[in-house]
Amino acid sequence: MTRALEKGRVLLDSLPYPERPDNHFVVDPDKFDFYAMDCYRLIGDDSLAEMHATEIIRKTTAPDGTSQSPMRTAEATLTLAVVEARRGDLDQSLVYADQALAIDRRSRPSLLLIGTELDGELRQRYPRDSLATEFRQSLVAATA
């Protein structure tokens, strides 16, 4: 999968940058990081998932600190939560999770998908921790 993603990046980089990336009939180069982040997270390559998530947050944050693409920011932040859970940092994982779920504009299906993945990581690694259990309740409330 990594090789395929690398080929995709090389191909995308060979194309001219679109004048209007918001036009749905042209390729949005920034979506590459978004999709690559998901792929790397799903196969467990946490360093590359983290790198792409961090890049997405950087690209979608305006100079005043607001998010220009809140749904992408939320999903990237949840990816960082998954990475931290896998690293054994429950506290930082939950900080990221809370930040992601607090974003008002959200794609419920995507948050539920990544949030369920995070919930699985938390349940596996911290089965008796009440904070990990509370995340599930927060996820259900945020995606209801």
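The values are calculated or read from the model by the stated rules, or taken from the named source; none is laboratory data. This one's a predicted model, so the numbers in the text were calculated from it and none came from an experiment. Methodologically, a virtual Cβ is constructed for each residue, glycine included, from the backbone with ideal geometry; neighbour enumeration extends over all protein chains shown.
The table for this structure:
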read-out	value
Test: residue in the stretch 2-11 that is surrounded by 15 or more Cβ atoms within 10 Å (Cβ to Cβ), aliphatic (A, V, I, L, M), at pLDDT below 80 and touching a Cys at 6+ places or on another chain (Cβ under 9 Å)	yes
Qualifying residue in the stretch 79-91 (condition: at pLDDT below 95 and either surrounded by 20 or more Cβ atoms within 10 Å (Cβ to Cβ) or within 20 Å of D38 (Cα to Cα) (or both))	no
Where a residue in the stretch 100-125 is closer than 13 Å to A144 by Cα and its partner, wherever it lies, is among the small types (G, A, S) and surrounded by 15 or more Cβ atoms within 10 Å (Cβ to Cβ), with Cβ under 6 Å and at least six apart	L101/S138; L101/A142; R106/A74
Top-ranked residue in the stretch 94-144 [being farther than 22 Å from L42 by Cβ and of a type in the set (G, A, S); ranked as surrounded by the most Cβ atoms within 10 Å (Cβ to Cβ)]	S138
Qualifying residues in the stretch 45-71 (those that are free of Cβ contacts under 8 Å to residues at least 40 places away in the same chain and charged (D, E, K, R)) - the one nearest to G115 (Cα to Cα)	E50
Count - residues of the stretch 88-116 that are over 20 Å from I57 (Cα atoms) and under 14 Å from the mean Cα position of the chain (by Cα)	1
Qualifying residue in the stretch 66-76 (condition: farther than 26 Å from R3 by Cα, aliphatic (A, V, I, L, M) and assigned to a helix (DSSP H, G or I))	yes
A85 farther than 17 Å from S67 by Cβ and assigned to a loop (DSSP other than H, G, I, E, B)	no
Some residue of the stretch 117-125 being part of a loop (DSSP other than H, G, I, E, B) and of a type outside the set (A, V, I, L, M, F, W, C)	no
